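Okay, so here's the structure we're looking at.
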Amino acid sequence: MKLHTKMLFLSAALVVATGLGCAGKGGLSKGASALDADKDGKISRSEFLARYQAKDKAQTLFNRLDASGDGFLDRDETGSYPDDFWTKTETNAEP
């Protein structure tokens, strides 16, 4: 196999292995996209808060995650968290 072909294969394997090839709309990870109720590619404050029973804690967490302060969590703000972090929010457990 030529070096170019090997590099292309390894790059594709890396994308699949890191989950980048399985991202939801807008580039959200599979886990984060589960919170995106309207499937617009970002998680709104209301979508996020709907997953929690402890609204005050959820509000604090959302504010910490929303680095841009635009009221939405996008790929850049959710990308560094593993899918199991978002699974916990779905069950109303504290992450």
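Remark: the Asp56-Asp76 segment gains 4.8 nm on full extension, using 0.36 nm per residue and subtracting the alpha carbon distance. For trypsin sites (Lys or Arg not before Pro), the sites in the range 29-80 that DSSP calls loop and that have at most 12 other Cβ atoms within 10 Å are Lys39.
Net charge dipole, the range 23-90: roughly 160 debye, given to the nearest 20, about the Cα centre with Cβ charges of +1 for Lys and Arg and -1 for Asp and Glu.
Laboratory data are not the source of any read-out in this text; all were calculated from the coordinates shown. Here the structure is a predicted model, which means the values were calculated and not measured. Neighbour counts run over all protein chains shown; Cβ positions are idealised from the backbone, glycine included.
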